[in-house]
Amino acid sequence: MLNRALSLMVLAAFGLTGTSALADGSVGQKGFLKPVTDAQYLEECGSCHFAYQAELLPKRSWEKMLSNLHDHFGDDASLEGPGLEAVKAYLLNNAGETSNSKRAIKLLQSTGDKTYLRISDIPYFKREHHEISPATLARPAIKSWANCAACHPDAAKGNFEEEYVKIPK
Ligand code: HEC
Ligand code: HEC
């Protein structure tokens, strides 16, 4: 009885603040992006680097990237058939334009009329990261802006909030 009363109170509190409980027990916030759950996307696009949430770029960026995967930042990331179709469906159905996350919305707005292939080239991204020196970025545990999860340990949960950032030594 007590448990039930407690969970009703918790539910009411979430309802009031507009937050919601995620499956992993963390509390979702408006800033959070949707964790990637698409197994095929994780496999095809998460083997060389962090599996970027589709919300981080607009549709036009993903379309452009997918049209030239054989020359993907100097690597061959070619896909064809069902693998390509699955990745395309995930990226286009969840791109920046579909997002409720305030971080993703700021990124999208900041693209203006440009079609960026790198999230890390978008002006909002650069503003948020301008305090990090080239020497810090060059640390072996980081090396590249593409390595989001090095400094955002909960990036896979969609959490890029400032207070969770931890820069490796
Ligand atoms: C064979 C390895 C490989 C695969 C597979 C691969 N990538 Fe990449 N990707 C790279 C490399 C290398 C870079 C550049 C990394 C860097 O700058 O440090 C990159 C960079 C990126 C970036 C830019 C990150 C930034 O700086 O903002 C995005 C976005 C991206 N990849 C998306 C994808 C997607 C989507 C897929 C699946 C279709 C994919 N990648 C598959 C190798 C790969
Ligand atoms: C070298 C470490 C580092 C890397 C790599 C990095 N970030 Fe960050 N990021 C930070 C720091 C530090 C901040 C907080 C900046 C501030 O507000 O003081 C931040 C802030 C952010 C914010 C704004 C958060 C807020 O609360 O306003 C977003 C969104 C973000 N990062 C996304 C990314 C994405 C996406 C990637 C990968 C493409 C990435 N970051 C790579 C260190 C990093």
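What follows draws every value from the coordinates through simple rules; no lab data is involved. Quick caveat: nothing in here was measured; it's all calculated off a predicted structure. Note that each Cβ is placed from the backbone with ideal geometry, even for glycine, and that neighbours are counted across all protein chains shown.
Output the pairs from Lys88/Lys166; Lys102/Lys157; Lys30/Lys143; Lys126/Lys157; Lys59/Lys166; Lys30/Lys59 with a Cα-Cα distance over 27 Å in this structure; if there are none, say none. The pairs that break the limit, which is 27 Å between Cα atoms, are Lys88/Lys166; Lys30/Lys143; Lys59/Lys166.
For Thr136, Thr111, the sequence from fewest to most other C-beta atoms within 10 Å is Thr136, Thr111. Residues whose amide H falls under 5 Å from that of His72, counting only those 5 or more places apart or on a different chain, are Ala77, with hydrogens built in the peptide plane. Per-residue Karplus couplings for segment 142-154, computed as 6.51 cos²θ - 1.76 cosθ + 1.60 with θ equal to phi - 60°, are listed in order as 10, 6, 8, 4, 5, 8, 3, 5, 4, 9, 10, x, 9 Hz, Gly and Pro entered as x.
Taken about its Cα centre, segment 41-142 carries a charge dipole of about 580 debye when Lys and Arg each add +1 at the Cβ and Asp and Glu each add -1 at the Cβ.
Decide, for segment 26-116, between rounded, prolate and oblate: order the square roots of the alpha carbon gyration tensor eigenvalues as a ≥ b ≥ c, take rounded if a/c falls under 1.5, and otherwise choose prolate if a/b is larger than b/c, else oblate.
Numbers: a/c = 2.04, a/b = 1.36, b/c = 1.50.
Cα axes put segment 26-116 in the oblate bin.
Per-residue Cβ neighbour counts within 10 Å put Cys48, Cys151 in the sequence Cys48, Cys151, beginning with the fewest.
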